[in-house]
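These notes concern the structure reproduced below.
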Amino acid sequence: MLNISRVGMEFKGLNNENIVALNDVSFQVNDGDFICIIGPSGCGKSTLLRIIAGLQPGYTGNIEYSGKNAIKMNTSMVFQEHALFPWLTVSENVGYGLKLQVRKKENLNKTKDKVMKYLELCRISESADFKPYQLSGGMRQRAAVARALAVEPEVLLMDEPFSALDPLSRSQLQDEVIRIHEMKKIIVLFVTHSVEEAILLSDRIIVLTSRPGSVKEIIPVPAPHPRNLDDPDMIKIKRHISEISGVMSRVYT
Ligand SMILES: Nc1ncnc2c1ncn2[C@@H]1O[C@H](COP(=O)(O)OP(=O)(O)OP(=O)(O)O)[C@@H](O)[C@H]1O
Ligand SMILES: [Mg+2]
């Protein structure tokens, strides 16, 4: 279980003023849960993911994984823009984190097997030898997801990973991420601006307030996959989130 307890974060602005990004954020995530986080722009969603990834010093509060300080928790992150290394091929990108983990030469073959496994899992193996500039946006994000999964994280952090994609690629990658999550059963924390995406993907949706972000409401989505957004229960959840969060839903605007 991942336990986020009273997390706060304050930045200094350009004139040295205090910018409180997060205030008293608390929630718990069970092993294998898929959580979506939504909230207005600037409410601290990316900051929260960076804190959980161990990339953001200076926060207050506690993060524990399996009852211990989460400092050694194995996380990986997928960003809105793919953030692949442009000079490496897809398979070299996917293997990059693994190579850092592997010290002995004899284990490098295992690395190759793992890279292949995750390229196949994310259906990008045919482009293994391509460089990022030779890929479509959807293929790049597939490679980015493969790279994040290859280090076999306990917690996968995804910061608006599909929001720059066209609707078809986005919907395909949503299906992939559901399929992969059903296989791997790791914790996923997925930030999105789309209420529909949150409803399609997650077991629970955490709605944050505007800055300083704190938890406004946690909404369960108790429905099996694949989900249908036209289902009356899903419409009810969508309406409720749109009302409480001010996040604009494409359907109701
Ligand atoms: N390094 C930093 N220095 C100063 N202020 C920062 C820093 N990083 C983030 N902030 C501020 O913290 C607040 C939260 O930023 P954050 O990027 O976490 O928001 P967000 O919810 O991810 O927004 P969006 O939905 O637009 O991506 C913003 O007001 C931002 O300007
Ligand atoms: Mg952000």
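The values are calculated or read from the model by the stated rules, or taken from the named source; none is laboratory data. Owing to the predicted nature of the structure, the values given are computational and were not obtained by experimental measurement. Cβ atoms come from the backbone with ideal geometry, glycine included; neighbour counts cover every protein chain shown.
Contact annotation: residue pairs with Cβ atoms under 9 Å, 6 or more positions apart or on different chains, pairing a residue in the stretch 178-193 that is free of Cβ contacts under 8 Å to residues at least 40 places away in the same chain with a partner that is surrounded by fewer than 18 Cβ atoms within 10 Å (Cβ to Cβ) and among the small types (Gly, Ala, Ser), are 184/32. In the stretch 150-160, the count of residues that are in contact with a Ser or Thr (Cβ under 8 Å, 6 or more places away or on another chain), more than 24 Å from residue 54 (Cβ to Cβ) and modelled with pLDDT under 95 is zero. Every listed requirement among (1) within 16 Å of ligand 2 (Cβ to nearest atom); (2) within 26 Å of residue 3 (Cβ to Cβ) is met by residue 73 save one, (1). Among the residues of the stretch 196-215, which ones are in contact with a strand residue (DSSP E or B) (Cβ under 7 Å, 6 or more places away or on another chain) and either at pLDDT below 95 or within 13 Å of ligand 1 (Cβ to nearest atom) (or both)? 206, 207, 208, 209, 211, 212, 213, 214, listed by residue number.
Considering the stretch 7-115, the qualifying strands (runs of 3 or more DSSP E), each wholly inside and each with 3 or more residues that are crowded, with 20+ Cβ neighbours inside 10 Å, under 20 Å from the mean Cα position of the chain (by Cα) and within 16 Å of ligand 1 (Cβ to nearest atom), run over 18-29, 34-38.
With respect to residue 160, determine if the residue is within 19 Å of the chain's Cα centre (by Cα) and within 22 Å of residue 40 (Cα to Cα). The answer is yes for residue 160. For the stretch 180-218, the set of residues classified as β-branched (Val, Ile, Thr) and over 18 Å from the mean Cα position of the chain (by Cα) consists of 209 only.
A Cβ distance below 9 Å, combined with a sequence gap of six or more or placement on separate chains, defines the contacts here; from the stretch 202-213, residues that are within 22 Å of residue 179 (Cα to Cα) reach residues that are assigned to a loop (DSSP other than H, G, I, E, B) and among the hydrophobic types (A, V, I, L, M, F, W, C) in the pairs 202/221; 203/221; 204/221; 205/221.
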